[in-house]
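A.B. asks: Please find one structure pasted underneath; my questions will follow.
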Amino acid sequence: MRSAILTAAFAASLLAGFAAQAQQATPAAGPIPGSVLAATCSGCHGPKGHSVAEIPPINGRTEQQLLSALLDFKNDRRPATVMNRHAKGFSDEEFAAIAREISANWR
Amino acid sequence: MTRTKLSRRTFTGALLATSALSACAVQTAPAKAHVVVIGGGFGGATAAKFIRLEDPGIAVTLIEPKSEFVTCPFSNYVIAGFKQIGEITHNYNALTGTHGVRHVRDIAVAIDPATKTVRTGGGQSIRYDKLVVSPGIDIRWGAIEGYTEAAAEILPHAWQGGAQTLLLRRQLEAMPDGGVVALALPPNPYRCPPGPYERISVIAHYLKTTKPRSKILALDAKDAFSKQPLFQDGWNALYPGLIEWVPLNKDGRITQVIAGEKTLVSEFGQRHRAAVVNVVPPQFAGKIARDAGLANPDGGSAGWCPVDPITFESTRIKDIHVIGDASIAGAMPKSGFAANSQGKFVAKAIAAALNGRPAFAPVYANTCYSLLAPDYGISVADIYRATPQGIVAVQGAGGVSPRTPADAAQFRHLEATYTRGWYSSATREIWGA
């Protein structure tokens, strides 16, 4: 009897624990800032866009240069191997934020 | 140029000030928080560095027994003989020297979530506010009958970079022309989905150029694989008749090895003896993650660690984040690229939490490049977002290289170039800058 109660209590606490843990994190409100979105770019283009090998560097470009390049990749107006595939994963507004971030802070 | 120099000087100055502060902090004012990172691979080393970049007020300790890390990406090229192991070996000097990460050269053997402490093999107890667990994979010894650590000295897996990589290389070099190289390939999920097929390709390149009468027999526990049409097109074009791939439905699954006889035994009892045998065995999350209770105990994802899609915090234990191959990251593959992407966003999530604010929704990315020959590259890429259903690939984006591009030779050449470019940039971002 006692062990049954204990078992039930244990099961209940497990369930409660599970319910608490199963809740997903809530992201910050508002549009995702360029500093967050641009974190992806350095994976291929190097730290702060200083590519160390054959992939084109993206530091030292103007906001307009970056934005038009990203939009051209997205809309298949510029030849590409993989950038056209990546670029279709972002909104135009996100590209504007990325272009602002990189032109301002990646030197 | 001048601008670069100036900003670098300012940056170094700030870091010096920070490290001076944290040196004092040992005696007087402690850092705002302490993050411990277990594992110095693509995930862990990225997280350690980027937490320091996000907030230099957070102290970071990396627990990693090795002083140098040999990457699994590009190890196929060492096996095939067109890269040297030194070119894929990286150290932690930039992480400790430039970024002020404390490197504890010891192995994490236990995690106590109640006291928020990591115990090391050397007997240290290290307290954390947040813990990042990035241990990579372990081999499931015995999942294939007879495949033990001793057997792997004869039939290498070479699925963790280092001594195993060199062992397989030496065996290929010693093999006489006309020999058969057999590979046993695992069911999903496993580290680096296209990795086995890249390995088949570049070994074929080595054989074709140095031992042209040799063959490759690939025995697979699956009926389909990553970038399959692109791989098979390439094999037909580059290595006609050299590679035989046997899928699951043709009795490809290997269930037993006889190491002393260099023999693989299939599910239905076929025996395959070969001059060189490479077993890519079933895998699960690194031992520390499983021992700590971070992995699912049963079900289809047993042995891998469930996480929150936004923060990569374990859904099983609070304040512990699991990234890289050990985690169940929804649609993201177990790849070095994915672990690097996760490392950057987990750093943002942890820095945000330690500063009392929510993290922004991450946008993860992956590109898996594979070489079929030194000048022939292909890729699969995706962008991922966290949704209530977990991490999903963005519809309409991503995908594989075109099968028939306008100028195929030029396209494959460019992707081979970008394969090397990705590796240089990523490893510099993680270990080098």
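The values are calculated or read from the model by the stated rules, or taken from the named source; none is laboratory data. This one's a predicted model, so the numbers in the text were calculated from it and none came from an experiment. Cβ coordinates were reconstructed from backbone atoms using ideal geometry, including for glycine residues, and neighbour counts include every protein chain displayed. For accessibility, only protein heavy atoms count, side chains too; no ligands or nucleic acids. Shrake-Rupley method; radii C 1.70, N 1.55, O 1.52, S 1.80 Å.
A.B. asks: Leaving out ligands and nucleic acids, and using a 1.4 Å probe, what accessible area per residue does the protein assembly as shown come to in Å²? Present the calculation step by step, with values, prior to reporting the outcome.
C.D. replies: On the way: 22800 Å² over 540 residues.
Per residue, the protein assembly as shown has an accessible area of 42 Å².
A.B. asks: While we're here: Mind checking which lysines have their Cα closer than 19 Å to the Cα of residue A:88? Skip sequence neighbours fewer than 8 apart in that chain.
C.D. replies: The qualifying lysines are A:74.
A.B. asks: Net charge near residue A:85: determine it from the other residues with C-beta under 12 Å of the C-beta of residue A:85, scoring Lys and Arg +1 and Asp and Glu -1.
C.D. replies: -1
A.B. asks: Give the angle, between 0 and 90 degrees and rounded to the nearest 10, that separates the Cα long axis of helix B:228-238 from the longest principal axis of the Cα atoms of chain B.
C.D. replies: Compared with the principal axis, the helix lies near 50 degrees.
A.B. asks: Hey, for a label at residue B:233 modelled as a point 7 Å past Cα toward Cβ, could you say which residues of the stretch B:184-199 have their backbone N under 11 Å away?
C.D. replies: none
A.B. asks: Still on this structure: With a sphere of radius 12 Å drawn around the Cβ of residue B:172, what net charge do the other residues whose Cβ falls strictly inside it have (Lys, Arg +1; Asp, Glu -1)?
C.D. replies: Result for the local shell: +2.
A.B. asks: Now for a different question. Once B and A are treated as a pair rather than alone, how much accessible area drops out, both sides summed, in Å² to 100, probe 1.4 Å?
C.D. replies: Buried surface at the B/A interface: approximately 3500 Å².
A.B. asks: In whole Å, how far is the Cα centre of the stretch A:75-107 from that of the stretch B:68-119?
C.D. replies: 32
A.B. asks: Shifting gears a bit: What residues does the stretch A:55-86 have that are buried by at least 40 Å² of accessible area in the full protein assembly compared to the chain on its own, 1.4 angstrom probe?
C.D. replies: Going by heavy-atom accessible area, the residues of the stretch A:55-86 that drop by at least 40 Å² are A:55, A:81, A:82, A:85, A:86.
A.B. asks: Taking 7 Å along the Cα-to-C-beta vector as the label spot, tell me the residue A:29-residue B:154 distance in nanometres, rounded to one decimal.
C.D. replies: 6.6
A.B. asks: Cross-link partners among lysines for residue B:250, C-alpha distance below 17 Å, same-chain residues fewer than 8 apart left out?
C.D. replies: Leaving aside lysines fewer than 8 places away in the same chain, those within reach of residue B:250 are B:222.
A.B. asks: How much length, in nm to one decimal, is gained on full extension between residue B:105 and residue B:291, taken as 0.36 nm per residue of separation minus their Cα-Cα distance?
C.D. replies: Stretched out fully, the residue B:105 to residue B:291 stretch lengthens by 64.9 nm.
A.B. asks: Then there is this: Expected output is a single nm value to one decimal: the length gained when fully extending between residue B:410 and residue B:256, i.e. 0.36 nm times separation in residues minus the C-alpha distance. What is it?
C.D. replies: Using 0.36 nm per residue and subtracting the Cα-Cα distance, I get 51.1 nm.
A.B. asks: Let me ask something additional. Please check chain B for the longest run free of trypsin sites (Lys or Arg not before Pro) that are loop-located per DSSP (anything but H, G, I, E, B) and have at most 11 other Cβ atoms within 10 Å.
C.D. replies: Longest stretch, sites excluded: B:1-212.
A.B. asks: Right, here's the next one. Cut-off under 25 Å on the C-alpha distance; same-chain residues fewer than 8 positions from residue B:83 excluded. Which lysines are left, in chain and number order?
C.D. replies: Once the sequence-local lysines are set aside, what remains near residue B:83 is B:66, B:208, B:211, B:215, B:227, B:334.
A.B. asks: Tilt of helix B:195-210 relative to the longest C-alpha principal axis of chain B, in degrees (0 to 90, nearest 10)?
C.D. replies: 50
A.B. asks: Right, next: For the protein assembly as shown, give the magnitude of the charge dipole about the Cα centre (Cβ charges: +1 Lys/Arg, -1 Asp/Glu; no others), in debye to the nearest 20.
C.D. replies: Here the size comes out at about 860 debye.
A.B. asks: Could I ask something else about it? If I compute solvent accessible area with a 1.4 Å probe over the protein chains, what percent of it on chain B is carbon and sulfur?
C.D. replies: Here it works out to 54 percent.
A.B. asks: Please report the antiparallel percentage of DSSP beta bridges with both residues in chain B, rounded to the nearest 5.
C.D. replies: 55
A.B. asks: Residues of the stretch B:384-404 that become at least 50 Å² less accessible with every protein chain present than in their own chain isolated, using 1.4 Å: which are they?
C.D. replies: Buried by the other chains: B:385.
A.B. asks: Heavy atoms only, probe 1.4 Å: what % of the accessible area of the stretch A:32-107 goes to carbon and sulfur, would you let me know? It would help to have the intermediate numbers written out before the result.
C.D. replies: On the way: 1740 of 3320 Å².
Its accessible area is 53 percent carbon and sulfur atoms.
A.B. asks: Between the helical axis of B:2-25 and the dominant principal axis of chain B, each derived from Cα atoms, what acute angle in degrees is found, rounded to the nearest 10?
C.D. replies: Value to nearest ten degrees: 70.
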